[in-house]
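A short write-up of the structure that comes next.
The values are calculated or read from the model by the stated rules, or taken from the named source; none is laboratory data. In this text the structure is predicted, and so the values were computed from the model without any measurement. Cβ atoms come from the backbone with ideal geometry, glycine included; neighbour counts cover every protein chain shown.
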Amino acid sequence: MASSQASGEGKAANEYPVATDARIEQSGETVRLTMMLSSVVAVEAWVQAAPDRVIVEMPSTNFQIQSNTRKSVGFVGGYRYGLFTADKARIIIDLSQPATISKVEVKPVRGGFGEFSVELKRATRADFLAEAGKAKAQAQGAAQPPLAAKPAGETRRTVVIDPGHGGIDPGTMVSSISEKAVVLAFGKALKEQLEAGGRYRVVMTRDDDRFVSLSDRVRMGRNEQADLFISIHADSLMQAQDVRGATVYTRSERATDAEAAKLAAKENEADAAAGLETREEVQDVAGILMDLARRETRTFTGVFARNLVEKLGGSIKMHKIPLRSARFWVLSAPDVPSVLIELGYMSSPKDAELLNSPEWRGKAVTAVSAAIDSYFTRERASVGKAAEFRD
Ligand SMILES: [Zn+2]
């Protein structure tokens, strides 16, 4: 029951066991999910309440499951699967009514293959909650692995790029396109462009299709002593498919508008999507120094966010209110200027097309790196001086 990002070296994705032939069937009070695996692996499963679901954990797996496979039957509302950490994958089964696990196994079959199955049985609410309580007690106290830190003697500015979602958490899905893939492609392109200039040390919170918890993303920014933290997302608004354009968000306790508040609430659910029961850690560190750091961080964040809006606005379509704020968990580091860019709306057919176009991506990446350059050369220097005099 890991609750954090693994830092060890994982196997290459092509060495993972392959899962195929997912099938979900109901017989009487029982629902059974099966998959064929290219090898026999160890699996573990437990139930979790609010939202009610079953979590199956196994070694990293390459899921090659048809997207049109049936996903809901009986009390199972649906299921998802994907990488959870460098060496673990998860299958998350959503329950519309309480159920408990009667069996989970990988049975060896001919040719070295394994047949994975998990069998769920209708249960009373009380029995379900008792099971969930046991699993929760076991999960408590799972240690967080140490994260990399900024190397001593490093003089370049550190920019942390944070592609949202990943692995078991796809983010917004519109037809077969997932937010996690769109924002990873963008993050990688941005990293490449920033590194080409030689001025920055660029760290990615993830550079493949894996899950990273929100608290680990925040911790990575702080541990790396990032000078900027840029979270990349792509929103959707299914009820208004004509809404388009990019938005730059900063953190504030009170949202600028209802839509921003709703979006932050949705993005803050990312850990829950992966079956993690975490809450935003209070990043408050008492003391005058932290107060100063927080004030300075807010000023720098504002300067950078305005830079971004200006540069992005010069090359791509922006939302009609392009600079907004809300209580985004991932932007909570008190000492790291942090912004979140929603690249566009995947729900808009036009935006969706652009988000997948290398040409559009190139333009947007160039605009973001221009905003970073101008922040570090011109604006931040003068803001820094003003802050010195004021304090
Ligand atoms: Zn997102």
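I want to confirm something. Restricting to region 342-370 and keeping residues that are outside any helix (DSSP H, G or I) and surrounded by fewer than 23 Cβ atoms within 10 Å (Cβ to Cβ), which single residue is nearest to the ligand (Cβ to nearest atom)?
Filtering region 342-370 for residues that are outside any helix (DSSP H, G or I) and surrounded by fewer than 23 Cβ atoms within 10 Å (Cβ to Cβ), the one nearest to the ligand (Cβ to nearest atom) comes out as Ser347.
Being at pLDDT below 95 and closer than 21 Å to Ser252 by Cα is the requirement here; does Asp351 meet it?
no
Could you tell me which of the residues Met238, Met220 is of a type outside the set (Phe, Trp, Tyr) and within 15 Å of the ligand (Cβ to nearest atom)?
From the options Met238, Met220, the qualifying one is Met238.
Assess whether Ala126 counts as being free of Cβ contacts under 8 Å to residues at least 24 places away in the same chain and outside the structural domain of His165 (by TED's automatic domain parsing).
In short, yes.
Please work out if Asp373 is over 18 Å from the mean Cα position of the chain (by Cα) and in a helix (DSSP H, G or I).
yes
Tally time: how many residues in region 93-115 are within 30 Å of the chain's Cα centre (by Cα), assigned to a strand (DSSP E or B) and free of Cβ contacts under 8 Å to residues at least 60 places away in the same chain?
Result for region 93-115: 4.
How about region 261-299: which of its residues are of a type in the set (D, E, K, R), assigned to a helix (DSSP H, G or I) and at pLDDT 80 or above?
Those that are of a type in the set (D, E, K, R), assigned to a helix (DSSP H, G or I) and at pLDDT 80 or above: Lys262, Lys266, Glu267, Asp271, Arg294, Arg295, Glu296, Arg298.
Would you mind telling me which numbered condition in (1) crowded, with 19+ Cβ neighbours inside 10 Å; (2) touching a Pro at 6+ places or on another chain (Cβ under 7 Å); (3) small (Gly, Ala, Ser) Ser60 fails?
(2)
Please enumerate the residues belonging to region 300-339 that are touching a Gly at 6+ places or on another chain (Cβ under 8 Å), part of a strand (DSSP E or B) and within 22 Å of Trp360 (Cα to Cα).
Met318, His319, Lys320, Pro322
Name the residue that is nearest to Val339 (Cα to Cα), counting only residues in region 254-273 that are of a type in the set (Asp, Glu) and within 12 Å of the ligand (Cβ to nearest atom).
Glu267
Would you please name the residue that is nearest to the ligand (Cβ to nearest atom), looking only at residues in region 241-253 that are within 22 Å of Pro334 (Cβ to Cβ) and part of a loop (DSSP other than H, G, I, E, B)?
For region 241-253, the residue satisfying everything is Ser252.
Report yes if Asp242 is surrounded by fewer than 20 Cβ atoms within 10 Å (Cβ to Cβ) and touching a residue at least 24 places away in the same chain (Cβ under 8 Å), otherwise no. Break it down stepwise before answering.
Numbers: surrounded by fewer than 20 Cβ atoms within 10 Å (Cβ to Cβ): yes; touching a residue at least 24 places away in the same chain (Cβ under 8 Å): yes.
The answer is yes for Asp242.
Filter region 169-184 for residues that are more than 14 Å from the ligand (Cβ to nearest atom) and in contact (Cβ under 8 Å) with a residue 40 or more places away in the chain and give the result.
Ser176
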